[in-house]
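I have placed the structure first, in the form of structure tokens, so that the comments after it can refer back to it.
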């Protein structure tokens with residue numbers, strides 16, 4: 001069975017590490033972008049991305065989905081909440097972000113192991129100057145769908161040093177059956193996979209809870225949440241993400257109704273993924 005290097009092993013361990021070693025980054029709690037690039041300050045692709053922090057240190061990623069709600073991974077949270085638990089946003093550079101207190105955390109009631117790895121943070125105050133991300137509701141999630149992942153995690157597997165600026169990498173969706181075979185049947189219907197079967201590009205420690213966004217009807221929507229995987233950017237083991245579209249009803253049970261993606265009808269043939277990558281990577285969002 002695969003290891004879970006993306007997943008937080010213990011919040012108590014994290015707090016002990018921060019307090020005793022004065023570390024600014026916890027290896028056990030996080031996952032980071034491998035072979036990606038820094039997000040340009042002018043990019044509008046990731047404005048909704050947030051950093052979940054404990055005692056000021058980056059722990060996981062997340063996304064603003066409503067003025068007072070953040071979406072993240074369940075394994076990023078462990079009770080009890082303290083006044084040291086915050087989310088930070090407003091800049092792609094960690095040092096320039098502003099902190100917002102967390103009012104409550106809601107972990108999916110069926111979260112166990114790797115499955116149903118999803119949670120919500122309710123914020124103490126609304127965020128009115130940032131537009132929330134649009135969540136996927138019914139996209140086909142076909143293999144090779146152009147997708148990106150971003151985060152502040154480590155850029156080398158095993159590192160304990162987070163990057164100060166948000167990093168991103170292009171990771172097309174992978175056929176879920178191929179992915180499931182690689183993981184020995186560990187990929188459930190609540191998960192999707194993204195990356196490369198030959199390895200080389202991936203999320204890693206520190207990116208947990210952050211967004212996987214995919215291109216759908218000429219718009220970017222959040223299709224996944226960074227969840228788990230075998231190492232970072234390893235051959236035959238693409239990253240595994242919580243499938244957002246499976247949880248819309250549960251999310252809206254707490255947040256209320258959220259915006260839908262624009263269902264734009266197009267008759268244009270799909271672009272070759274290699275061409276899409278070149279265009280997006282060279283011209284930005």
Enumeration of residues in region 75-94 that are more than 25 Å from residue 228 (Cα to Cα) and modelled with pLDDT of 95 or more:
90, 91
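Among the residues of region 78-112 satisfying the criterion of being outside any loop (DSSP other than H, G, I, E, B) and out of contact with any strand residue (DSSP E or B) (no Cβ under 7 Å at 6 or more places or on another chain), which is nearest to residue 47 (Cα to Cα)? Don't jump to the end; show me each part of the working.
At the first step, the residues of region 78-112 found to be outside any loop (DSSP other than H, G, I, E, B) are 85-89, 93-96, 98-107, 112.
Filter once more, keeping what is out of contact with any strand residue (DSSP E or B) (no Cβ under 7 Å at 6 or more places or on another chain): 95-96, 112.
On the way: 95: 16, 96: 13, 112: 30 Å.
The residue in question is 96.
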Please determine, by comparing only the residues of region 247-285 that are in contact with a helix residue (DSSP H, G or I) (Cβ under 9 Å, 6 or more places away or on another chain) and assigned to a loop (DSSP other than H, G, I, E, B), which one is modelled with the highest pLDDT.
258
Do you know which of the residues in region 87-128 that are over 18 Å from residue 74 (Cβ atoms) and free of Cβ contacts under 8 Å to residues at least 24 places away in the same chain is surrounded by the most Cβ atoms within 10 Å (Cβ to Cβ)?
91
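Restricting to region 65-74, count the residues that are farther than 14 Å from residue 105 by Cα and either touching a strand residue (DSSP E or B) at 6+ places or on another chain (Cβ under 6 Å) or modelled with pLDDT under 95 (or both).
Result for region 65-74: 1.
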When residues of region 137-151 are filtered for being touching a helix residue (DSSP H, G or I) at 6+ places or on another chain (Cβ under 6 Å) and buried (at least 20 other Cβ atoms within 10 Å of the Cβ), how many remain?
1
Which ones in region 223-246 are within 23 Å of residue 52 (Cβ to Cβ), crowded, with 20+ Cβ neighbours inside 10 Å and either modelled with pLDDT of 90 or more or touching a helix residue (DSSP H, G or I) at 6+ places or on another chain (Cβ under 6 Å) (or both)?
223, 224, 225, 226, 227, 228, 239, 240, 241, 242, 243, 244
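The values are calculated or read from the model by the stated rules, or taken from the named source; none is laboratory data. These numbers come from a predicted model, not from an experiment. Cβ atoms come from the backbone with ideal geometry, glycine included; neighbour counts cover every protein chain shown.
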